[in-house]
Amino acid sequence: AQSVTQPDIHITVSEGASLELRCNYSYGATPYLFWYVQSPGQGLQLLLKYFSGDTLVQGIKGFEAEFKRSQSSFNLRKPSVHWSDAAEYFCAVGIKAAGNKLTFGGGTRVLVKP
Amino acid sequence: GAVVSQHPSWVICKSGTSVKIECRSLDFQATTMFWYRQFPKQSLMLMATSNEGSKATYEQGVEKDKFLINHASLTLSTLTVTSAHPEDSSFYICSANRQYEQYFGPGTRLTVT
């Protein structure tokens with residue numbers, strides 16, 4: 001069965017600094033990979049996705065992620081964080097054969113210091 | 001495009017009663033919808049996959065007689081929590097599948113007193 005690990009439960013970053021959130025997955029083939037953001041009490045918003053092709057993926061709000069097959073990773077990055085980026089971030093693996101059923105990582109809570 | 005709504009956004013019910021949560025895809029048709037449960041400060045746990053016109057597929061450990069799912073049309077799936085108890089209090093989120101992407105509703109907070 002597939003699994004997703006987000007090693008960092010909390011990350012605190014200063015406004016304007018760079019941010020990197022780690023995501024590692026376990027799956028026998030290349031899965032569909034997603035990053036979502038969740039603000040308190042809200043649903044999930046898709047930041048970006050990887051299905052195939054270019055391994056560096058650009059998303060919304062200035063985020064990007066890089067798929068590294070050799071490391072089974074899909075880390076999320078942003079060069080300069082804004083206070084509004086404070087939220088919970090979830091990495092997810094989707095399995096095409098299962099109707100894109102998603103398995104989520106545990107999430108990383110990002111706090112932004114002024 | 002690809003908007004998913006949930007109703008209600010917040011509900012309080014008494015122990016022993018049932019509550020129904022609706023999930024609608026507003027601008028697209030979804031043959032597959034998903035229901036998740038999220039505890040405070042935790043990740044989403046998939047409860048079941050809802051397929052239009054057929055029975056839902058429940059994840060291991062989810063009581064299908066307690067969490068009734070109906071997907072009667074291509075734009076509507078409902079989750080009914082039957083005989084709710086305080087331990088059923090949680091944040092319930094649905095999503096609708098379109099072209100290998102899931103679009104999420106805003107969630108429903110259920111509090112059972």
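The values are calculated or read from the model by the stated rules, or taken from the named source; none is laboratory data. This is a predicted model, so every value here is computed, not measured. Positions of Cβ are backbone-derived with ideal geometry, glycine not excepted, and every protein chain shown enters the neighbour counts. Keep in mind that these areas ignore ligands, DNA and RNA; they rest on the heavy atoms of the full protein, side chains included. Shrake-Rupley method; radii C 1.70, N 1.55, O 1.52, S 1.80 Å.
General remarks:
- Residue satisfying condition, being out of contact with any His (no Cβ under 8 Å at 6 or more places or on another chain) and within 10 Å of another protein chain (Cβ to nearest Cβ), within set B:26, B:79, B:74, B:44: B:44
- Elements of type strands (runs of 3 or more DSSP E) in segment A:1-72, at least 3 residues being without any contact (Cβ under 8 Å) to a residue 24 or more places away in the chain: A:44-50, A:56-58, A:64-68
- Test for residue A:109: is it in contact (Cβ under 8 Å) with a residue 12 or more places away in the chain and either assigned to a helix (DSSP H, G or I) or more than 11 Å from chain B (Cβ to nearest Cβ) (or both): no
- Just so you know, in segment A:26-41 the residues that are surrounded by fewer than 16 Cβ atoms within 10 Å (Cβ to Cβ) and within 11 Å of chain B (Cβ to nearest Cβ) include one that is modelled with the lowest pLDDT, and it is A:41.
- Reported count of residues in segment B:56-102, each being closer than 29 Å to residue A:48 by Cα and touching a Leu at 6+ places or on another chain (Cβ under 9 Å), is 13.
- Residue count for segment B:50-70 under the criterion of being open to solvent by 40 Å² or more (accessible area, probe 1.4 Å) and part of a loop (DSSP other than H, G, I, E, B): the result is 10.
- Residue in segment B:14-26 that is surrounded by 15 or more Cβ atoms within 10 Å (Cβ to Cβ), on the phi < 0 side of the Ramachandran plot and more than 13 Å from the chain's Cα centre (by Cα) present: no
- Lone unmet requirement of (1) over 18 Å from residue A:102 (Cβ atoms); (2) crowded, with 20+ Cβ neighbours inside 10 Å for residue B:80: (2)
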